[in-house]
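Novice: There's a structure below that I have some questions on.
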Ligand SMILES: *Cc1c(COP(=O)(O)O)cnc(C)c1O
């Protein structure tokens, strides 16, 4: 159902700014009402013409957020979940026992663990490959058995870039779907569905909400098909729907996504350039730098910026990295990403034993503070006490 604020007549930026701009007929309010009701009155002739029945499968505020995400991704439909993890696992639970998944070696840690440890209980088999190499994906795919190829691009925490169009071709030749965790790229910098992906996943906790005050996830599907109906069923029966309060906050956050992200991309580039020649920094990992192995592909696959995430590798090693993170004042030492406040994290500490993350790596999520202040703070922290 097209609405005033999701009309193809206007640019994405204009539509986003009014993401809660459906004018309520009764009150003429410019922001959407928050619908808390868990149940709906049945019509006297025993029908449910409003299409709403009960709050576990569906909610009007949740639907508003879904319309905005579907608009952003150019999707046939979107579903929001209580977390990014519940969105991703809903897709995997829509597969049948015995089916096979191909996933990247370097990807969001908690989801990689779920695929490694818990997916087996559902009867899924999973192979992890270097997803930056399309040939490695092609070798791992088993026609007729592989039902899902999963990508994350740029991926945590090295921001390597994978070729969505190439992976889509490989998946489709084997009659599998391609699903892309596009959390870091956001729908504004990369549109996986237009590159051939079948499903896009977001941790809406990150850039979409953008204020570090909501845990949420989203899936968007290229087609309203049988698989999508199955995903809807999984969400409804397991009760993974996002709460209406959180959906309201997510809608509010999304109204400023374009403005936030533009500034975050700009500051991340400035910070990446500054530290790429810093004597205490061995390497800056940012797809926007020509030195990054994924730069050429990122330049093709991402429009309008290379994102707000980067990592630095501290020349003096792990202990020096942990100590530098201990000395920052403006950056906040915390996990997560995509919020208005800048975060710094010694990533190996949170990922734990067995992580492929380099021990000397500090992950930076660039917020909306002045880039000059962020650089000065991190410069001072890297200098130590001298
Ligand atoms: C945070 C994150 C997730 C998990 O999302 P939650 O909302 O924390 O459940 C998945 N993928 C990426 C890339 C993330 O950053």
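Here, each number is a calculation from the coordinates, and none is a lab measurement. Everything numeric in this text was worked out from a predicted model, so none of it was measured. Cβ: placed from backbone, ideal geometry, glycine included. Neighbour counts: every protein chain shown.
Novice: Would you mind pulling out the separation of the Cα centroids of segment 266-284 and segment 349-385, in Å?
Specialist: 11 Å
Novice: Another question about this same structure. Just from the alpha-carbon atoms, what are the Rg and Dmax of segment 207-286 in angstroms?
Specialist: 18.8, 55
Novice: Antiparallel DSSP bridges in the chain: what percent, to the nearest 5?
Specialist: On the way: 26 of 44 bridges.
Roughly 60 percent of the beta bridges in the chain run antiparallel, per DSSP.
Novice: What number, in percent, do you get for the relative contact order of segment 330-386 if the mean sequence gap of Cα pairs under 8 Å and at least 6 apart is divided by its residue count?
Specialist: On the way: 75 pairs, mean separation 19.5, N = 57.
Relative contact order of segment 330-386: 34 percent.
Novice: Beyond 22 Å, what share of the Cα-Cα pairs of segment 34-254 remains, rounded to the nearest whole percent?
Specialist: On the way: 11797 of 24310 pairs.
Counting every Cα pair in segment 34-254, those more than 22 Å apart make up 49 percent.
Novice: Could you grab the relative contact order for the chain? Cα pairs under 8 Å, six or more apart, rounded to a whole percent.
Specialist: For the chain, the relative contact order is 16 percent.
Novice: Given the C-alpha centroids of segment 19-87 and segment 300-333, what is the distance between them in whole angstrom?
Specialist: Here the answer is 38 Å between Cα centres.
Novice: Per the Cauchy relation, a quarter of the hull surface: what is the mean projected area of the convex hull of the alpha carbons in segment 264-329, in nm²?
Specialist: That works out to 4.8 nm², a quarter of the Cα hull's surface.
Novice: Among 47-54, 331-338, how do they line up from the highest to the lowest mean number of other beta-carbon atoms within 10 Å?
Specialist: Values: 47-54: 11.4, 331-338: 18.6.
Packing proxy ranking, top to bottom: 331-338, 47-54.
Novice: Hey, what number do you get for the chain at 222 nm if only DSSP H runs of n ≥ 4 count, each worth -39500 (n - 2.57), divided across all residues, to the nearest 500?
Specialist: Values: 14 runs with 134 residues, N = 386.
That calculation yields -10000 deg cm²/dmol at 222 nm.
Novice: Taking Cα atoms, how many degrees apart are the long axis of helix 60-73 and the longest axis of the chain, rounded to 10 and kept between 0 and 90?
Specialist: Once rounded, the angle reads 60 degrees.
Novice: Taking every pair of Cα atoms in the chain, average 1/r, invert it to obtain the Kirkwood radius, and report Rg/Rh to two decimals. Numbers along the way, then the final one.
Specialist: Values: Rg = 21.2 Å, Rh = 21.6 Å.
The Rg/Rh ratio comes out at 0.98.
Novice: Give me the tail of P(r) for segment 292-386 as a percent: Cα-Cα pairs with distance above 20 Å. Could the numbers behind the result be given before it?
Specialist: Numbers: 1827 of 4465 pairs.
Of all Cα-Cα distances in segment 292-386, 41 percent exceed 20 Å.
Novice: For 152, 318, what ranking results if the residue with the fewest other Cβ atoms within 10 Å of its Cβ goes first?
Specialist: Working: 152 25, 318 15.
By the 10 Å Cβ count, ascending, the order reads 318, 152.
Novice: Right, another one. For the chain, modelled as a Gaussian network with Cα springs under 10 Å, which listed residue fluctuates most, 255, 139, 173?
Specialist: Per the Cα network of the chain with a 10 Å cutoff, 139 tops the list.
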